[in-house]
Structures are given as C-alpha cells and as structure tokens.
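To start, the structure under review is shown below, and the notes come after it.
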Amino acid sequence: MTLGRTVALTDTGRKRRHNEDVYVVDPPIFAIADGMGGANAGEVAAALAADALRETADGGSGEDAVVTLIQEANRRVYQQATEDAAKSGMGTTMTVALLENGRVRIGHVGDSRAYLIRDGELSQLTDDHSLVGELVRSGKLTPEDAETHPQRSVITRALGTDPDVDVDTITIETRSGDLFLLCSDGLYSMVGNDRILELVERNRRDLDAAAKALVAAANKGGGDDNITVVAFEIASPGDETERTAEAPAVEPALEEEDTLTEADQVPTVTAAPEATGPKPPRIVLALLAVILLAIAATVVVYLLVR
C-alpha cells in the first residue's frame, strides 16, 4: 500500500474572528491542532504544536513514535504558557496520523477527531476528551443531548496544561481505498457523521471538492467554530496516478445559501435589433398619395356624370 491523494482545508467559520486551527500535511505525518486561550494564545499554542511535529518527525516508529511527537508538542506549549504570563492557560488539541509500513498510527489528545471511511462506512477512531464525551461514554448523557449541551465545548484533556499528557493511540492496518479524515470540532459539531459520510462519498473522486463540501456544510449549519479538514487516501502501488488521471472532477455539492454572487447572476439577454431595409424618400411617398387621390376623384366624377 502507498499514499494516494491528500487534501487539507481550513476556514474561520462564521462566528470567530480568528482561525486558531492549524493542520500539518507533511507525509508520512498528518495532523490537526485546535488551539484555545485568550488574546490569540490559541493560535500560538496550535502553531507551536504543529512546528514540533514538523521538527521532530524522525522520532522512531510505531505508536511510541506518535506519543513522542505529541509529548514534545506538549512540552513546547507548556513551556511557553508558563514563561509568558500573557499565554498562561493556553492549550491545544492534537490528533496525529502517522503512515508507516501499511499501517496508520493515530495519536490523540482533545476533541478533534480521526475517522476512517472504508467500504462506504464511516468509523470514528478517536474518543472525544470532552465533558460531554465523558458523560456519553458513562451513559449519563445521550449522543443527541450532547449535541446541544451548554458545556459541549469544555474539554478534559489538552496539550500545554500540564508537563505531561496522556496520549490515546490506535493502529489501523490499511487497505487499498481507505480514506482517513482528521477534523476539528468545528466540522462535526455542525455536521453529523452520516452527513459527513454522504458528502465525502458523493465527491470521492475529487477530495478537494469533498473538503469544500464539508466546510460549506459546517458553515451552513452555523459555522460556530473554526473548521479544518485533512484527508488522505491509501492506494495500491502504481494505482494513484491511474486513478487520479481517470477520475473526472466532480463539482462540490456546496451547502451554501441559495444566493447568487455577482459572477453567478443570470446574464442579461439583449434582443437583436429588427432587420430594416433602406427607407424610401418622403417626396416619393407624397407623390404617390397625390396620384391616388386624383384617381379616386376621377372615379367619383365619372360616376356622378353617368
């Protein structure tokens, strides 16, 4: 198995002024970090964590390698938070996928998610480290109630809040055609799992279109948070080029409002002018009128005389 097509897309959403999500697409590493903290500290935390992945990518193999990467990211964020009072309390989620030897190693902290789409089915690979996530797993809250719970944004585990952090790990044996999807909570809090699967499958031949459709759907759902999507596909050796070359681009099924932009407005149709020949001179028309009148008068006189 080998790496196939990849895509990454991030959007501020409709309610936030800044984008505190950061993604990493640096094969064999893929990741998402969703920062938190006041005074733009969330952006700093997410960026520090992402930089740590890029700079310490050669940290071994297996699940231990993923744990090492995330622990280093945690160390950098925690150090900055303790040394800079303005950054105190900042933190970030982090979900990492490491592709190696036909396997994908997932490392996870926080409430970003990793999904696997295989054979037309979507599986969530990570548990949300959030208050509502813990309540759902303990049976104290239903998944439906969790979607509207007032404390659904409270997370129970993050990078940067303690010197060490517990990292969840999982290893997936890959198959040709597998699609791994990483996303921040700005996507799944606005778009349900069934809808995520539907939009990806509808645009499966064009991952760029799929990512745009997901972001558009999240914005249509409210766009309450930053929205980030990272996806990568597993292909058989020599299969990637063939599939990419043959696959026709599918227009994204964007879930935007039914509003025409200036470029999309219905074009104005201008009627073609009526075809006209050269007009006869006015003097000719006048002479014809006089002749007709004279003929008419002659006929009248002739009838009277008889």
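The values are calculated or read from the model by the stated rules, or taken from the named source; none is laboratory data. Note that the structure is predicted; figures quoted are calculated from it, not measured. Every residue, glycine among them, receives a Cβ derived from its backbone with ideal geometry; neighbour counts consider all protein chains shown. These accessible areas exclude ligands, DNA and RNA; they are computed on the full protein's heavy atoms, side chains included. Shrake-Rupley method; radii C 1.70, N 1.55, O 1.52, S 1.80 Å.
So here's what we get for this one:
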{"read-out": "Globularity index of the range 91-178, i.e. its alpha-carbon radius of gyration over 2.2 N^0.38 Å", "value": "1.21"}
{"read-out": "Inter-label distance, nm, simple model (7 Å from Cα along the C-beta direction), Glu147/Lys220", "value": "1.5 nm"}
{"read-out": "The range 104-159, accessible surface, carbon-and-sulfur percent (1.4 angstrom probe)", "value": "44 percent"}
{"read-out": "Per residue, in Å², the accessible surface of the range 1-133 once ligands and nucleic acids are set aside, probe 1.4 Å", "value": "41 Å²"}
{"read-out": "Rg/Rg_globular for the range 74-124, with Rg_globular taken as 2.2 N^0.38 Å and Rg from C-alpha atoms", "value": "1.62"}
{"read-out": "Relative counts (whole %) of C-alpha pair distances in the range 1-66, using bins that are 5 Å wide", "value": "4, 15, 22, 21, 17, 11, 6, 3, 0"}
{"read-out": "Order by protection proxy (mean Cβ within 10 Å, highest first), peptides 154-163, 101-110", "value": "101-110, 154-163"}
{"read-out": "Gain upon complete extension [Thr56, Val25; 0.36 nm per residue less C-alpha separation]", "value": "9.7 nm"}
